[in-house]
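Here the structure comes first, spelled out in structure tokens, and everything after it is commentary.
The values are calculated or read from the model by the stated rules, or taken from the named source; none is laboratory data. Bear in mind that the values here come from a model prediction, so they are computed numbers and not experimental data. Here the Cβ is made from the backbone with ideal geometry for all residues, glycine too, and neighbour counts use every protein chain on show. Each accessible area value is taken on the protein alone, full model and side chains, heavy atoms only, with ligands, DNA and RNA left out. Shrake-Rupley method; radii C 1.70, N 1.55, O 1.52, S 1.80 Å.
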Amino acid sequence: MSNLFSRLLSDGANGVRLRVRGLGVVLIVANGAAWLWALAAFAGQPVLLGTAALAYSLGLRHGLDPDHIAAIDNVTRRLMQEGKRPVAAGFFFAAGHSTVVLVASAAVALAAGAFAE
């Protein structure tokens, strides 16, 4: 399984179309799984489901901010000049950005819990 992901996320010149399709499938499945979880978790709470939809749409809009596009473009151009095919450059940027957001959210939740007591 890890060999499949390492081939999918590699930056070699072989199999670029297959890697692009594979990464697309991974992202579609991950988004579908996240929405299935949200539907299950917020089944009786339409306000929370609406909040999840709002957060998702604002996150998609945030991903198109000029600073994000410029950062991914710079990395992609640099790797292309080195003869690589950076299919997953945007994926890695998004994964790192999401990790920072999740850690910050967890820190805020823990701090709020500590102050509530």
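So, with a 1.4 angstrom probe, what is the percent of accessible area on the chain that is carbon and sulfur? Accessible surface attributable to carbon and sulfur in the chain totals 70 percent.
Measure nothing fancy, just the Cα-based angle from helix 46-62's long axis to the longest principal axis of the chain, in degrees from 0 to 90, nearest 10. Here the helix axis deviates by roughly 30 degrees.
I need the shape label for the chain. Rule: rounded when a/c is under 1.5, else prolate if a/b > b/c, else oblate, with a, b, c from the alpha carbon gyration tensor. Prolate shape, in that a/c is at least 1.5 and a/b is the bigger ratio. Using the Cβ-Cβ distance between residue 106 and residue 82 with R0 = 30 Å, the FRET efficiency computed as 1/(1 + (r/R0)^6) comes to roughly 0.25.
To the nearest 0.05, what FRET efficiency results for residue 21 and residue 95 with a Förster distance of 25 Å applied to their C-beta separation?
The formula returns an efficiency of 0.85 here.
Looking at the square roots a ≥ b ≥ c of the eigenvalues of the Cα gyration tensor of the range 29-85, which shape do they give, rounded for a/c under 1.5, prolate if a/b is larger than b/c, or oblate? Could the numbers behind the result be given before it?
Details: a/c = 8.12, a/b = 2.47, b/c = 3.29.
The shape class here is oblate.
Residue-wise HN-Hα couplings along the range 25-35, as the Karplus relation 6.51 cos²θ - 1.76 cosθ + 1.60 with θ = phi - 60° gives them from phi, are 5, 4, 5, 5, 5, 5, 5, x, 5, 5, 6 Hz; Gly and Pro carry x. With protein chains left intact and a 1.4 Å probe, residues in the chain average 75 Å² of accessible area per residue. Counting only DSSP H runs of at least 4 residues, each contributing -39500 (n - 2.57), and dividing by the residue count of the chain, the helix-based mean residue ellipticity at 222 nm comes to -27500 deg cm²/dmol.
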